[in-house]
Amino acid sequence: MEHLTTLADWLTHCEQLHPKGVNGIELGLDRIRTVAQRLALKFDCPVFTVAGTNGKGSTCAMLESILLQAGYSVGVFSSPHLVHFEERLRIGGEAVDGNRLVAAFRDVEVARTQPGAEVQLTYFEFTTLGILLEMSRSRLDAVVLEVGLGGRLDAVNLIDTDCAIITSIDLDHTELLGTDRESIGREKAGIVRTGKPVVVSDPVPPQSVVDHAMEVGADLWRVGRDFNTSGDKQQWGWSGRGRRYSGLAYPALRGANQLLNAGGVLAALEAMREQLPVTAQAIRNGLAFVELPGRFQIVPGQPALVLDVAHNPHSVAALALNLDAMGFFPATHAVFGAMADKDLAPMLAKVAPVIDHWYLTDLPTPRAATAEALEQKLASLAGRKAAVAGQFASPQAALDAAVAAADPADRIVVFGSFYTVGGVLLNGTPRLAAKHLSS
């Protein structure tokens, strides 16, 4: 281990630990639980665990922002990252210093490689343990854990949650989680614990989620029954079990779907009020100041830039609705790259009506569909013929081409994967200026 001195060294080491490697997935908690027990890993503060197909990141960000405004020390684990690995752990609203993770990873490796009892861990399992260990040492008042995949067998589920939140559920990762919403919902519901609250912010949840919560004796909070949201164009309100908030400003995160996420967050905070009381002002400020890059993030400029990590049919449908609600733009240019295992045809079909020009990009992972394959998918769509401006080796090259072709009043949307959005954020958030404005 002496040669592993930087975070980059450790991440390379983690990629080589398990035959499934950095992109491989091996579900199950036995291996990671064994190492966690050796580390005596535990939390002495309330834990929120967030699962779902879409809306997890936004839910975690709003929960974090409100708790920070209430004066609590908060740690958030989320994945994947956009640009830097350190983004996966936020302490006090800031990405963790990589050197703190180096120390935690070293301790994980010592525990993993006990003589005669070495445990094989995947990249995600190893890095998750390191992050959880660092969080446990950070004297936090609250911990927020975002499930990476599924719920029941995801690495973060080795921690018993004090409050589970299940966001919208749709088809994704069907080869691992099941081919219908009921099967997927059953996996997501695996984060629920007996006697603990579970907030379901999906307005039409799979019955399997409700059934599992009842079977294990959880305190089930359902939108439409235990809490509700309502609003007009200026403000919104929330009502729950014996408490209500009115005249709230809409969350700073854009998109019509964010009200569902915010409603679930307020229900979770109400369910945990005895352990973590928050004021109405903390809620107002937290929703007003929340930030989360890459979730319908609109960057002002000429042309306007929209960044969205939407990468399955459900989230792309939401993106299409949000784009439509932005108003009139002479033309919309799309920088698009995606994983090969995604359900690409319905993704493209849902957003194609609002896209005028496509810039298709390769991505730096073997899991990605090539730009050539994406063009073939677009060509196979019935009806409207897609105007493909070209195939590009990187998201940045595709964005550069879109900027060169766009007029100042146009807009450019970058979507399809964390890799796609992350690829245009490598040097910071771009501020665009069409070519004839910069002369």
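The values are calculated or read from the model by the stated rules, or taken from the named source; none is laboratory data. Quick caveat: nothing in here was measured; it's all calculated off a predicted structure. Backbone-built Cβ (ideal geometry, glycine too); neighbour counts: all protein chains shown.
Tally time: how many residues in region 171-201 are part of a loop (DSSP other than H, G, I, E, B) and modelled with pLDDT of 90 or more? Lay out the reasoning, then the answer.
Going through region 171-201, the residues part of a loop (DSSP other than H, G, I, E, B) turn out to be 171-173, 178-180, 192-196, 201.
From the residues that got through so far, the ones that are modelled with pLDDT of 90 or more too are 192-196, 201.
Result for region 171-201: 6.
Tell me, please, whether a residue that is charged (D, E, K, R) and either under 15 Å from H311 (Cα atoms) or touching a strand residue (DSSP E or B) at 6+ places or on another chain (Cβ under 6 Å) (or both) can be found in region 380-403. Before the answer, list the steps.
First, pick out the residues of region 380-403 that are charged (D, E, K, R): 384-385, 400.
After this cut, where a residue has to be either under 15 Å from H311 (Cα atoms) or touching a strand residue (DSSP E or B) at 6+ places or on another chain (Cβ under 6 Å) (or both) as well, the list is none.
No, region 380-403 contains no residue that is charged (D, E, K, R) and either under 15 Å from H311 (Cα atoms) or touching a strand residue (DSSP E or B) at 6+ places or on another chain (Cβ under 6 Å) (or both).
Please specify each residue of region 95-111 satisfying the condition of being charged (D, E, K, R) and either at positive phi or buried (at least 16 other Cβ atoms within 10 Å of the Cβ) (or both). Let's see the steps before the verdict.
Looking only at region 95-111, we keep the residues that are charged (D, E, K, R), and these are 97, 100, 106-107, 109.
Across region 95-111, the qualifying residues are R100, D107, E109.
Given the structure, is L276 closer than 20 Å to A164 by Cβ and in a loop (DSSP other than H, G, I, E, B)? Steps first, answer last, please.
On the way: closer than 20 Å to A164 by Cβ: yes; in a loop (DSSP other than H, G, I, E, B): yes.
Considered against the rule, which asks whether it is closer than 20 Å to A164 by Cβ and in a loop (DSSP other than H, G, I, E, B), L276 comes out as yes.
Can you tell me which residues in region 79-118 are part of a helix (DSSP H, G or I) and β-branched (V, I, T)? Outline the logic, then answer.
Narrowing region 79-118 to residues part of a helix (DSSP H, G or I): 85-88, 98-112.
Across region 79-118, the qualifying residues are V102, V108, V110.
Go through region 128-155 and count every residue that is within 14 Å of L101 (Cα to Cα) and within 17 Å of the chain's Cα centre (by Cα). Show your work before the answer.
As a first pass, look at region 128-155 and keep what is within 14 Å of L101 (Cα to Cα): 128-138.
Then drop every residue that is not within 17 Å of the chain's Cα centre (by Cα), which leaves 128, 131.
So the count comes out to 2.
What do you reckon, is D324 among the charged types (D, E, K, R) and exposed (fewer than 15 other Cβ atoms within 10 Å of the Cβ)? Don't jump to the end; show me each part of the working.
Values: among the charged types (D, E, K, R): yes; exposed (fewer than 15 other Cβ atoms within 10 Å of the Cβ): yes.
For D324, the condition - among the charged types (D, E, K, R) and exposed (fewer than 15 other Cβ atoms within 10 Å of the Cβ) - is met.
Can you tell me which residue within region 295-311, out of those that are buried (at least 21 other Cβ atoms within 10 Å of the Cβ) and of a type outside the set (V, I, T), is nearest to D341 (Cα to Cα)?
Among residues in region 295-311 that are buried (at least 21 other Cβ atoms within 10 Å of the Cβ) and of a type outside the set (V, I, T), the one nearest to D341 (Cα to Cα) is H311.
Among the strands (runs of 3 or more DSSP E) lying completely within region 219-259, list those that include at least 2 residues that are crowded, with 16+ Cβ neighbours inside 10 Å. Talk me through it step by step, then tell me what you get.
Values: elements: 219-222, 228-231, 236-239, 244-248.
So the answer is 219-222, 236-239, 244-248.
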